[in-house]
Structure formats: structure tokens, C-alpha cells
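The values are calculated or read from the model by the stated rules, or taken from the named source; none is laboratory data. Note that the coordinates shown come from a computational prediction; the quantities given were computed from them, not determined experimentally. Cβ coordinates were reconstructed from backbone atoms using ideal geometry, including for glycine residues, and neighbour counts include every protein chain displayed.
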Amino acid sequence: MGHYLPFFVRYAAHYGYDGIWLDLEHRAMNDREVQSLLAFCHTFDIDCMLRPPSIERNRLYRYLEDGATGFLIPFVSDRETAQKVVEAAKFPPLGNRGLDGAGLDGDFGLQAWGESSRYIGDANDETFIVAQIETPAAVLKADEVAAVPGIDALFVGPGDLGLRLGVSPRPDVKNLDSAIEQVSAAAHRHGKAWGAATGSLETLLRYRRMGAQIIPWGGDFGLRQVLANCSAELDSGLLD
């Protein structure tokens, strides 16, 4: 989802979705709107994979403090970028995230500040980082990205990757299908999950047979089809 639609969170949870991909790379929301949507995710027990507008260090871990379950990081094309994100999003020893504990993820301090608190360990264990593979260079370096401790999954962005392959064909990355197979293989070699966006159920099922675990399906733009259907029904009933 990319718009402030609290009911969408409830509907997704009600219909059995595991998580919501909240896109802040291409959509604009203010901080309070994001906080509100993350609170709804907690209320209705559905994970939120947030795609941030930047990988600014304190911006990333504030999203975690506000309740994001994990990140989908755009354009991770090398080990250095992957390590930079891990540094920002994970507490030591994995990374160098700043400690506060006063956010939603620490129960506003009630859970994080107790003597027996497991806040730091739980935060490292229960949040995730998904590296988005969107360039031919990233495909070729998928192994080194997947090898970074703290990177939990690889995710192919077919729109940007397909665009770049079309503009600048490369002999080492033949086409989009070949690239997805290369990313899948790299993830499997390092024991990481992987996934990809798709526009057809047929392709979704093919990715699933290949072992994909992160496959978005459905979104708030799907409301256009609801309106299209309603418009057609009204036309058929009122314009005869």
C-alpha cells in the first residue's frame, strides 16, 4: 500500500495476509500517518515491510521504533550498501543502531527498560532486512549481498531491473527470467529467503515453485477495479 488507508490494514489482516508492503519510496506520507499505519498493523497483528525513501541512518531505526517489522531497501547493488543498512537497523553486535526503547517496538519503554528486558536481542531477531535487486550489477553481486550477516532476503524489482536490461543489454545477465534465477540461486546458497513482484498468478506460482517466500499480491491500486466494476454495473442498469 502507498496511501493512508487504515481500513486496508484491517482488511489485509482479516483476509489472511502475512504482511503489508508499505511503499514510501514512491508515495508521500507524513511521519504521523506512517506512525498511525504501523500502530494499526500492531493492533491487527500483521507485519509491515516498509520501503523507505532513503537509507539515512536515524531515519531507518526510527521506523523500527515506530513499529515497522522490517525493511525492503531499494537499489542494493553491492556489499557496502547492504552493510550500511545493517549498521543502521541492527543493534550490536550485528550493527550499530542507536538505543532508545521508548517507541512502539519497546512498548513505549515498559518492555524495553525492565531489568529482565530482551528488547535488544528480540529487536535483532524479529526484524528483517530485504535487499532489493534492481540493476544488472546487483544481479552479478547477489552472492556478496546475500552473504552479509543481517541481510535476511533478496527481492527482485522487475520494473527497474527489466528497464535497465532493456536499455543496456548485458551478456552476463541475459534477460529478466535469467536474472531472477541467478538471484534465487544466490539466496539459496546463503540460506536466505527471496522473492519478486509479479503481475500474473501464473508467474506467482512459478516463483513459488522456485522457492520464493516473499511474493506481494494485491494492493490499494486494486480499488480501481472495484470502481470499474461498479461503473460497468451502473451503466448496464441505468443506461439501457
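Annotations for the structure displayed:
- In segment 130-142, the count of residues that are surrounded by fewer than 18 Cβ atoms within 10 Å (Cβ to Cβ), under 20 Å from the mean Cα position of the chain (by Cα) and closer than 26 Å to ASP177 by Cβ is zero.
- In the set (1) touching a residue at least 60 places away in the same chain (Cβ under 8 Å); (2) within 22 Å of GLY19 (Cα to Cα); (3) surrounded by fewer than 17 Cβ atoms within 10 Å (Cβ to Cβ), the condition left unmet by GLU126 is number (1).
- Within segment 47-82, the set of residues being within 15 Å of ILE133 (Cα to Cα), more than 15 Å from the chain's Cα centre (by Cα) and in a helix (DSSP H, G or I) comprises ARG79, GLU80, THR81.
- Residue match in segment 130-139 (condition: without any contact (Cβ under 8 Å) to a residue 60 or more places away in the chain, among the β-branched types (Val, Ile, Thr), over 25 Å from PHE155 (Cβ atoms) and in a helix (DSSP H, G or I)): no
- Flag for LEU176 being hydrophobic (A, V, I, L, M, F, W, C) and closer than 19 Å to ILE215 by Cβ: yes
- Pairs where the first residue, in segment 146-167, is in contact (Cβ under 8 Å) with a residue 24 or more places away in the chain and over 14 Å from VAL85 (Cβ atoms) and the second is polar (S, T, N, Q) and assigned to a helix (DSSP H, G or I), C-beta under 9 Å, 6+ apart: VAL156/SER184
- Conditions (1) closer than 25 Å to ALA193 by Cα; (2) surrounded by fewer than 20 Cβ atoms within 10 Å (Cβ to Cβ): number failed by VAL76: (2)
- Of the residues in segment 215-238, none is surrounded by 13 or more Cβ atoms within 10 Å (Cβ to Cβ), among the β-branched types (Val, Ile, Thr) and in contact (Cβ under 8 Å) with a residue 24 or more places away in the chain.
- A count restricted to segment 153-189 and to residues that are buried (at least 18 other Cβ atoms within 10 Å of the Cβ) and outside any helix (DSSP H, G or I) stands at 6.
- Residues in segment 25-46 that are crowded, with 19+ Cβ neighbours inside 10 Å and either outside any helix (DSSP H, G or I) or modelled with pLDDT under 95 (or both): ILE46 only.
- Inspection of segment 204-214 finds a residue satisfying the criterion of being at pLDDT 95 or above, assigned to a strand (DSSP E or B) and either crowded, with 19+ Cβ neighbours inside 10 Å or within 17 Å of the chain's Cα centre (by Cα) (or both).
- When SER54 is tested against the conditions (1) small (Gly, Ala, Ser); (2) in contact with a helix residue (DSSP H, G or I) (Cβ under 6 Å, 6 or more places away or on another chain); (3) within 30 Å of LEU140 (Cβ to Cβ), the lone failure is (2).
- Residues being out of contact with any strand residue (DSSP E or B) (no Cβ under 7 Å at 6 or more places or on another chain), polar (S, T, N, Q) and modelled with pLDDT of 95 or more - total across segment 114-134: 2
- A residue that is part of a helix (DSSP H, G or I), of a type in the set (Phe, Trp, Tyr) and either free of Cβ contacts under 8 Å to residues at least 12 places away in the same chain or closer than 22 Å to LYS192 by Cβ (or both) cannot be found anywhere in segment 87-100.
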